[in-house]
Amino acid sequence: MTHGFARFNKEPFKAAVAEVKASLPETPLERNERLHGELEAACNKFEIQTGQIDWLSFSTRLYRDGQCIGLVGCNAQGLWYARRAQLGCNQFAPTAEIAVASLGVRLTVAA
C-alpha cells in the first residue's frame, strides 16, 4: 500500500494486520486445503471426479464417466451443500461425503 494509513503509519499497520491474522482460526489457504482434502476423499470413495474448483466460494461440479451429476461446495458457515441442477435447491450436510451422497451417487461395488 502506498496511500492512506499504511503509508504514514507502517509499524502500527503491520501490528494491526498481525493481530488480526493471529485471531483467525485458519487462513483461507488452510481452509481451502482442508476442504479440498475432505472433498477429494469423498470423491475417491464414490469414484467421481471434480471439475475446476472455484477457490473463492469453494464449489465445483462433480462428474462420473464424463457426465455432470451435480454441484457441491462449502459455505462460509462450514456447511457442505449439494444440488443436482444449476438452479436447484441446495441440500446441506455436515460432511462432504454426505453432501455427495445426497446427489443420489452410490458407491460402486468392485467385482
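The table below gives the values:
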{"item": "FRET efficiency estimate (nearest 0.05) - Cβ-Cβ, Cys89 to Glu47, R0 41 angstrom", "result": "0.95"}
{"item": "Qualifying aspartates and glutamates (Cα of each under 20 Å from Cα of Lys10; at least 8 residues distant if same chain)", "result": "Glu19"}
{"item": "Fluctuation leader among Glu19, Glu33, Glu97 - the chain, Gaussian network, Cα springs under 10 angstrom", "result": "Glu19"}
{"item": "Under 14 Å, Cβ to Cβ, from Glu33 - net charge with Lys/Arg +1 and Asp/Glu -1", "result": "-2"}
{"item": "Note, ³J(HN,Hα) from phi for region 52-64, Karplus 6.51, -1.76, 1.60, rounded to Hz, x at Gly and Pro", "result": "5, 7, 7, 5, 6, 9, 6, 8, 7, 8, 10, 10, 10"}
{"item": "The chain: most fluctuating residue of Thr95, Thr27, Thr60 per GNM, C-alpha cutoff 10 Å", "result": "Thr27"}
{"item": "Gaussian network model of the chain, springs between alpha carbon atoms under 10 Å - residue of Ala85, Ala76, Ala96 with greatest fluctuation", "result": "Ala76"}
{"item": "Sites matching trypsin sites (Lys or Arg not before Pro) across region 23-111 that sit in DSSP coil, with at most 16 neighbouring C-beta atoms within 10 Å", "result": "Arg84, Arg106"}
{"item": "Neighbourhood charge, 13 Å Cβ-Cβ cut-off, centred on Ala18 and excluding it, Lys, Arg +1 and Asp, Glu -1", "result": "+1"}
{"item": "Region 27-101, dipole about Cα centre (Lys/Arg Cβ +1, Asp/Glu Cβ -1), debye to the nearest 20", "result": "240"}
{"item": "Backbone HN-Hα couplings from phi across region 66-73 [Karplus 6.51/-1.76/1.60, Hz, Gly and Pro as x]", "result": "x, 9, 5, 10, x, 10, 9, x"}
{"item": "Ranked list, fewest to most other Cβ atoms within 10 Å of each Cβ, for Cys74, Cys68", "result": "Cys68, Cys74"}
{"item": "Residues whose placed amide H lies under 5 Å from that of Val105, excluding near-sequence neighbours", "result": "none"}
{"item": "Environment charge of Cys43, counting only residues whose C-beta is closer than 12 Å and scoring Lys/Arg +1, Asp/Glu -1", "result": "-1"}
{"item": "Tilt relative to the chain, helix 28-46 - C-alpha long axis, 0 to 90 degrees, to 10", "result": "10"}
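Rule-based calculations on the coordinates, nothing more; no lab input. Given the structure is predicted, the values throughout are model-derived calculations rather than measurements. Cβ atoms come from the backbone with ideal geometry, glycine included; neighbour counts cover every protein chain shown.
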